[in-house]
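Bear in mind that the values in this text are calculations on the coordinates, not laboratory data. Note that the coordinates shown come from a computational prediction; the quantities given were computed from them, not determined experimentally. Note that we place each Cβ from the backbone using ideal geometry, even for glycine, and neighbour counts take in every protein chain shown.
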Amino acid sequence: MITDAAFPSAIDRLVAESEVRRLLATYAQNLDYGLVDANANLLARARFKVGDLIVEGRDAIARFLRTNLQHHVDDTPRT
């Protein structure tokens with residue numbers, strides 16, 4: 001983890017970049033398989049704004065993903 005946010009070392013930057021890549025890859029894979037709860041858990045501490053709506057917390061994120069993703073007839077997401 002980064003110990004001094006103002007001047008992270010090269011190793012700290014690489015670790016942070018790796019963690020972000022892992023997060024994005026996991027999110028995309030979960031999205032492709034329709035794993036809404038897994039993504040809600042993954043983003044449980046996130047807060048994001050969509051238009052005028054602010055979504056934060058595990059339950060709100062799960063509800064947002066279930067409500068706003070388009071799905072095929074077989075209930076898999078149209079990603």
Asserting the computed 222 nm helical MRE of the chain (DSSP H runs at least 4 long, -39500 (n - 2.57) per run, divided by residue count, to nearest 500) equals -16500 deg cm²/dmol
When every alpha-carbon pair in the chain is counted, what percent end up more than 16 Å apart?
60
Once you keep just the Cα pairs under 8 angstrom separated by 6 or more residues, what percentage relative contact order results for the chain?
22
Starting from the Cα of Phe48, move 7 Å in the Cα-to-Cβ direction to define the label point; list residues of segment 7-32 whose amide nitrogen is under 20 Å from there.
16-32
